[in-house]
1. Could you check region 1-42 and list, in sequence order, the residues that are surrounded by 18 or more Cβ atoms within 10 Å (Cβ to Cβ), in a helix (DSSP H, G or I) and not aliphatic (A, V, I, L, M)?
2. In region 37-64, how many are small (Gly, Ala, Ser) and free of Cβ contacts under 8 Å to residues at least 12 places away in the same chain?
3. For the list (1) under 13 Å from LEU63 (Cα atoms); (2) within 9 Å of the chain's Cα centre (by Cα); (3) free of Cβ contacts under 8 Å to residues at least 40 places away in the same chain, I need the number of the one condition that LEU20 fails.
4. Search region 43-62 for residues being in contact with a Pro (Cβ under 8 Å, 6 or more places away or on another chain) and exposed (fewer than 15 other Cβ atoms within 10 Å of the Cβ), and hand back the single one that is nearest to SER10 (Cα to Cα).
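The values are calculated or read from the model by the stated rules, or taken from the named source; none is laboratory data. The shown structure was predicted, so the numbers you read here are calculated from the model rather than taken from an experiment. Neighbour counts run over all protein chains shown; Cβ positions are idealised from the backbone, glycine included.
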Amino acid sequence: MDTEWSKIFSTPDPFQAEILKGRLTENDIPCVVVNKQDSMYKPIGDLEVYVPRDMVIKALHYLETDLGGSGEDEKGEKSGS
């Protein structure tokens, strides 16, 4: 059975994406980081953090409570779709 993944966060900063990945993993929330940055021009594009669809609520709750985030990406768009 294939896992369906949902984006919960997007950022142009690779360090922020990897830190979030590590913290989610430490809290038993599997995740992957997908790099959608242009290979020639790094400022173009984002890194997106995905979690399994059945873990979205837990991951967003972790973002809001433990990291003090709003569950929105840096562009102010609500994530999770």
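1. Of everything in region 1-42, just one residue is surrounded by 18 or more Cβ atoms within 10 Å (Cβ to Cβ), in a helix (DSSP H, G or I) and not aliphatic (A, V, I, L, M), namely LYS21.
2. In the first step, residues of region 37-64 are kept if they are small (Gly, Ala, Ser); the result is 39, 45, 59.
Narrowing further to those that are free of Cβ contacts under 8 Å to residues at least 12 places away in the same chain: 39.
Total meeting the criteria: 1.
3. Against the list (1) under 13 Å from LEU63 (Cα atoms); (2) within 9 Å of the chain's Cα centre (by Cα); (3) free of Cβ contacts under 8 Å to residues at least 40 places away in the same chain, LEU20 comes up short only on (3).
4. Within region 43-62, the subset in contact with a Pro (Cβ under 8 Å, 6 or more places away or on another chain) is 43, 45-47, 51-52, 55.
Subset that is exposed (fewer than 15 other Cβ atoms within 10 Å of the Cβ): 43, 45.
Numbers: PRO43: 13, GLY45: 10 Å.
The extreme case among them is GLY45.
To keep it simple, each residue is scored yes or no on (1) at pLDDT below 95; (2) of a type in the set (D, E, K, R).
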{"position": "PRO12", "(1), (2)": "yes, no"}
{"position": "LYS21", "(1), (2)": "no, yes"}
{"position": "ASN27", "(1), (2)": "yes, no"}
{"position": "GLN37", "(1), (2)": "yes, no"}
{"position": "TYR41", "(1), (2)": "yes, no"}
{"position": "ASP46", "(1), (2)": "yes, yes"}
{"position": "VAL49", "(1), (2)": "no, no"}
{"position": "MET55", "(1), (2)": "no, no"}
{"position": "TYR62", "(1), (2)": "yes, no"}
